[in-house]
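Working notes, beginning with the structure itself.
Readers should treat all values here as calculations from the given coordinates under stated rules, not as data from a laboratory. As the structure is a prediction and not an experimental result, all values here were calculated from the model. A quick note on method: Cβ atoms are made from the backbone with ideal geometry, for glycine too, and the neighbour counts reach across all protein chains shown.
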Amino acid sequence: MTTKSLLIIATIVTLFLNGCSQKAPELNGAQTGKNNVSDATQIAGETVSINENTYGNENNSNGQNGVNEGKYNSSSNGFQSIYFGFGDYGISPAMENHIASNATIVQNSNAKVKIEGNCDEFGTDEYNYALGLKRAKAVKDSLIAQGAPASKMVIISYGESNPVCSNPTDGCYAQNRRVDIRLAN
């Protein structure tokens with residue numbers, strides 16, 4: 001092949017490859033995958049809006065700072081679910097009585113318990129998995145602080161894959177921001 005032929009082939013290949021490339025899609029001016037939900041405005045155009053001061057309180061006027069006080073429970077074996085604020089993994093004062101009650105059950109049980117972290121659908125799968133783990137660990141640490149033995153507990157994260165409610169409402173999203181506790185099989 002001549003130099004001219006090689007140059008023509010190289011130009012055609014370059015044009016072909018450039019024509020096939022795609023720019024990453026944008027949500028409100030931010031590239032996807034660049035950030036999870038640390039800035040909730042980045043995903044606002046693709047989701048319903050959430051008023052963080054009222055979620056979890058649609059039928060429960062006793063919520064504090066938007067935290068569901070346990071109206072819903074998806075835990076089993078007498079345990080009570082622990083609920084969290086949007087993007088939070090700290091135990092709120094409203095959930096302390098649930099922690100104390102759950103610690104007593106763990107202490108009196110002969111079986112191991114599984115602490116399951118869950119999230120709503122906002123954020124990437126990776127972000128929600130990590131947030132679920134942080135929530136489960138926070139509950140485990142709180143149970144240990146209440147006297148429950150660490151050797152009886154295992155943690156797992158389901159991220160957003162285990163919702164108890166799928167309606168696009170604030171109250172529904174609040175039900176999915178939780179940690180469930182169950183006896184391990």
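For segment 175-185, a residue qualifies if it is farther than 12 Å from SER81 by Cα and either surrounded by 20 or more Cβ atoms within 10 Å (Cβ to Cβ) or not hydrophobic (A, V, I, L, M, F, W, C) (or both), and exactly one does: ASN185.
Selection of segment 158-185 for residues being of a type in the set (Lys, Arg), under 11 Å from the mean Cα position of the chain (by Cα) and in a strand (DSSP E or B) yields only ARG178. One residue stands out in segment 121-149 among those that are part of a loop (DSSP other than H, G, I, E, B) and of a type in the set (Gly, Ala, Ser): the one that is farthest from ASN162 (Cα to Cα), namely GLY147.
Scanning segment 86-120 for residues that are surrounded by fewer than 18 Cβ atoms within 10 Å (Cβ to Cβ) and part of a loop (DSSP other than H, G, I, E, B) yields GLY87, GLY90, SER109, ASN110, ALA111, LYS112.
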